[in-house]
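Quick note: the coordinates plus some simple rules give every number you see, no bench work behind them. Quick caveat, the model's predicted, so the values are computed rather than measured. Counting neighbours? That spans all protein chains shown, and the Cβs are built from the backbone with ideal geometry, glycine included.
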Amino acid sequence: MRFVTSLLDAAAYPAAEIVELYARRWRIETLFLQLKHRLSADVLRSQTPEGVRKELAACLAALNIVRTIMLEAATEHRKDPMRLSFVAAVRAILSFAPILATAPPWTLPDIYAAMLRQIAAAEIPLRPGRHEPRAVRHERTHYPKLRITRAEWRRRWAA
């Protein structure tokens, strides 16, 4: 892998450090992806700045709750928390939520332990040094593509 940079002082900016920072940056971008697309924060519906702040706070709280449960599952089952699937964890939490909400209190620890087992079982493969292209497979928007000019659209659909 090659990096092009304007940081020319090799003593102040060692190449190995820059590579490590890039790997960390990739993990941060993965967290943004999880927040935006897996937790549906890509489209905010509020119409006021205060509403947008509340929506973002709720999404960040949900992200932290899922990550905390993943950390608990990883710790209990001796797994690396960074190798557990976020999507599988969200699905497990959602699938266990109805039974956790309605089960008798004395059964909750066993049900929660089963959920943690399911989350810990969903490990993603170790892929060191992988290269991911900067491209999207599908358009990630909730709106259809506009395939004509806006002026043409107005002519067809304006009253």
>> So I have (1) 58; (2) 53; (3) 48, and one of them is percent of Cα pairs over 24 Å apart calculated from this model. Which one is it?
In response: (1)
> So which helices of the chain fit the span-like rule, where a helix is a whole DSSP H run, its Cα atoms reach 18 Å or more along the axis, and its mean Kyte-Doolittle is at least -0.5?
Replying inline: 15-33, 49-76, 86-102, 108-121
> For the chain, what does -39500 (n - 2.57) per DSSP helix run (n ≥ 4), summed and divided by total residues, give at 222 nm, in deg cm²/dmol to the nearest 500?
Replying inline: -18000 deg cm²/dmol
>> How would S46, S85, S6 line up from fewest to most surrounding beta-carbon atoms within 10 angstrom?
In response: S6, S46, S85
